[in-house]
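One structure is given here, and the rest of the page talks about it.
The values are calculated or read from the model by the stated rules, or taken from the named source; none is laboratory data. Quick caveat: nothing in here was measured; it's all calculated off a predicted structure. Methodologically, a virtual Cβ is constructed for each residue, glycine included, from the backbone with ideal geometry; neighbour enumeration extends over all protein chains shown. The area values use the complete protein model at the heavy-atom level, side chains included, leaving out ligands, DNA and RNA. Shrake-Rupley method; radii C 1.70, N 1.55, O 1.52, S 1.80 Å.
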Amino acid sequence: MYIFKKITDLQRLIRQSGVPVGFAPTMGALHDGHLELIRMAKQDGCLAVASIFVNPTQFNDPKDLEKYPRMPEKDAALLDSAGCDVLFIPSVEEVYPPGVDLTVSLDFGALDQVMEGKFRPGHFKGMATVVNRLLDIVRPQRLYMGQKDYQQLSIVRDMIRQLQLPVELVMCPTVREPDGLAMSSRNLRLSLEMRGIAPIIHQTLQWAKKALEAGQSASVIQEEALEKLQAAGLTPEYFEIVNGITLLPVTSAKEATSIVACTAAFAGEVRLIDNLVFK
Ligand code: AMP
């Protein structure tokens, strides 16, 4: 596996390869969910390129940025074992050259206002900016991202549409621990007690799916779901059942062709998100 810190070195290798590029941007502290993106890119016959960049502009809480786990050597070994061809691990100055404003200021309508948008102001602007910048650097044919961050994926899809970027977005299903907890770099920071409690998130999403299918109203399910998470010892921020395309609330299972439930909850000091596509 090649490891590059500089854009020019990365671009030289990509130009020479002559193979379609499949790109998976990450913030490191890698787990099997990340590696699945690389495996998918390889299965699709791509030159698999991963990036590790803890993007400062998408953290609204400086403490969260500071505490974000960093383990580049271990990550590189994991990527190599998953068949990754190239790792791009740039500095902040390489991604954001001083004095150059690369901010993406698109209007995403409701997509970046609801759910995570309400609780993490500025997060999606930072995320869209870094994804756009990395796409401009790597110029992949295919972009691999996880369903785990459903709202992020919806916004990136909309950014690709609005800017007419020449890239195909590929969604990778959420990879979970055996007890249902969605894999996340943040899981490393969970206390033993919270690690034991956290699978309630996936269980509650599954319960909500059944309840909606049984005809219960979305608003009642949402209230009960928040109560379940709280009773288990988590501090939920939201639990919303929304249209899978617009991310706007739905009231019943019949209302939309695509429905997804998304939730965020604190497990101690660690903020976890998860979702389940109902249909
Ligand atoms: P992150 O390093 O958290 O920014 O995630 C990098 C990419 O990996 C994003 O596209 C995430 O959606 C994806 N990802 C993170 N966790 C998982 C998971 N458990 N299953 C599948 N994809 C994931």
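If you filter segment 16-30 down to residues that are buried (at least 24 other Cβ atoms within 10 Å of the Cβ) and of a type in the set (A, V, I, L, M), you find that the one that is nearest to Met127 (Cα to Cα) is Ala24. Considering only residues that are over 19 Å from the mean Cα position of the chain (by Cα), closer than 29 Å to Ile197 by Cβ and polar (S, T, N, Q), which ones fall in segment 231-267? Hit for segment 231-267 is Thr235, nothing else. Taking segment 172-192 as the range and being assigned to a loop (DSSP other than H, G, I, E, B) and within 17 Å of Leu205 (Cβ to Cβ) as the test, the residues that pass are Pro173, Thr174, Val175, Glu177, Pro178, Asp179, Gly180, Leu181, Met183, Ser184. Within the option set Ala211, Ala182, being touching a helix residue (DSSP H, G or I) at 6+ places or on another chain (Cβ under 6 Å), more than 16 Å from the ligand (Cβ to nearest atom) and hydrophobic (A, V, I, L, M, F, W, C) holds for one residue only, Ala211.
Per the conditions (1) surrounded by 15 or more Cβ atoms within 10 Å (Cβ to Cβ); (2) under 20 Å from Asp136 (Cβ atoms), the sole criterion not satisfied by Lys5 is (1). Among the residues of segment 32-41 satisfying the criterion of being open to solvent by less than 40 Å² (accessible area, probe 1.4 Å) and within 14 Å of the chain's Cα centre (by Cα), which is farthest from the ligand (Cβ to nearest atom)? Within segment 32-41, the match that is farthest from the ligand (Cβ to nearest atom) is Leu35. Checked against the criterion of being more than 15 Å from the chain's Cα centre (by Cα) and free of Cβ contacts under 8 Å to residues at least 40 places away in the same chain, the candidates Asp80, Asp101, Asp64 yield just one match: Asp101.
Taken across segment 196-218, residues that are open to solvent by 60 Å² or more (accessible area, probe 1.4 Å), part of a strand (DSSP E or B) and touching a Phe, Trp or Tyr at 6+ places or on another chain (Cβ under 8 Å) do not occur at all.
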